[in-house]
1. Among 222, 279, 89, which residue has its Cα furthest toward the positive end of the charge dipole of the chain, with +1 on Lys/Arg Cβ and -1 on Asp/Glu Cβ?
2. Assuming R0 = 41 Å, can you tell me the calculated FRET efficiency for the pair residue 177 and residue 86, based on Cβ-Cβ distance, to the nearest 0.05?
3. Pairwise over distinct Cα atoms, reciprocal of the mean inverse distance: report the Kirkwood radius of the range 168-301 in Å, one decimal place.
4. Among 152, 132, 6, pick out the residue whose Cα is farthest towards the positive end of the charge dipole of the chain, where Lys and Arg carry +1 and Asp and Glu carry -1 on C-beta, about the Cα centre.
5. Trypsin sites (Lys or Arg not before Pro) within the range 234-299: which are DSSP loop residues with at most 11 other Cβ atoms inside 10 Å?
6. Rounded to whole Å and ordered largest first, report the semi-axes of the equivalent ellipsoid of the range 2-114 derived from its Cα gyration tensor (root of 5λ).
7. Over the chain, what is the percentage of antiparallel beta bridges among all DSSP beta bridges, to the nearest 5?
8. With r defined as the distance between the Cβ atoms of residue 161 and residue 75 and R0 fixed at 45 Å, what FRET efficiency is calculated, to the nearest 0.05?
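Here, each number is a calculation from the coordinates, and none is a lab measurement. Small disclaimer: the values here were computed from a predicted structure and weren't measured. Positions of Cβ are generated from backbone atoms using ideal geometry, with glycine treated the same way; all protein chains shown enter the neighbour counts.
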Amino acid sequence: MRTASAGLIRRLAVICLAALAAVVPTPHRAIERWYSNGVYPPLQRTITSWSNVVPFACFDLLWVGAVAATAVWIYRRLRQRPLSRSIRTGILEGATATSLVYLVFLALWGLNYRRVPIRARVDFDPARITRAAAGALGTRTAAELNALYAEAHRQHTSNEALATAFAGAQQSLGGPWLIVPGRPKQTLLGQFFHQTATTGMTDPFLLETLIAPDLLDVEKPFVIAHEWAHLAGYADESEANFVGWLACQHGDAAARYSAALVMIEFVQPPNQTLQQALTIGPRIDLYAIRERYRRTNRVLQAAARESYDAYLRANRVKAGIVSYDLVVQLVLGTAFDQRGNPVLR
């Protein structure tokens with residue numbers, strides 16, 4: 001009886017600890033100093049170095065194993081009698097397991113959601129975000145797509161070149177450490193990625209970079225750079241987009257073209273349609289991307305979007321899924337020097 005009571009106390013303690021970790025306010029600067037630039041960097045370099053050795057997605061082992069273990073656990077619980085007691089015990093065990101997973105998630109990566117935001121570390125001024133500035137960015141982006149199309153399709157960006165460009169982006173943001181870039185991998189979730197219009201994912205437990213199987217070659221540099229930004233501790237989606245865009249600006253023609261393909265979906269040239277502003281090459285690429293999205297499952301896509309929105313809000317991203325689009329505000333509101341690097345505070 002005493003052993004059972006001790007077990008109950010331990011489970012309740014784990015659940016309470018997870019609840020406190022979810023709701024207790026945490027000072028951004030303390031997280032930035034002690035976690036994002038303290039505990040997390042050696043974790044990232046070690047875990048990603050290990051997962052890079054394996055050619056397949058280790059995350060597949062995690063989720064397949066979790067599904068199998070859950071199925072066995074449910075089966076055993078349903079066979080126990082009395083059923084009412086089994087259900088009560090099962091709820092407690094499930095809550096304990098969920099709490100443990102959440103605490104591991106926070107320790108390995110999730111606390112990066114609570115770090116100092118980029119806009120507090122760069123010379124950011126909301127007054128720079130104007131309709132005219134957005135139009136000018138749209139004009140520049142369209143011009144980049146037209147100018148870079150041929151070279152971007154002639155020679156694709158290597159992962160090594162992209163890693164060098166990403167290191168330059170990290171340094172330009174004043175980062176005191178550099179990531180070990182994740183080896184881009186495909187996953188058993190590839191069909192799910194396609195049906196939900198997901199281009200990539202960062203495994204928050206084994207710190208891997210997972211990409212969708214049906215990306216165009218010209219899409220890959222930005223998608224990979226975006227996921228590497230997550231590995232660098234930029235958990236917020238708008239910040240990962242910004243860092244990915246910045247890394248591509250430090251890269252070759254294919255990388256810059258890849259970033260422009262994404263940015264043109266957010267900002268467009270004033271007084272022109274994309275049909276008018278773009279030459280035939282970039283229009284074909286955008287059509288291919290949109291055609292892929294057209295073949296997705298709208299029900300699954302909506303469900304995944306709502307689930308991810310809830311996940312982001314649970315991790316204190318108030319804008320939820322809308323945070324993807326806030327990259328334009330970061331690009332327009334940030335001051336850049338003559339080399340294209342953000343001006344730091």
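1. Positive-end residue among those listed: 89.
2. Once the sixth-power term is evaluated, E becomes 0.25.
3. 15.8 Å
4. 6
5. Counting only loop positions with at most 11 other Cβ atoms within 10 Å, the trypsin sites (Lys or Arg not before Pro) in the range 234-299 are 295.
6. Largest first, the range 2-114 gives 32, 22, 10 Å.
7. 75 percent
8. For residue 161 and residue 75, the calculated efficiency is 0.35.
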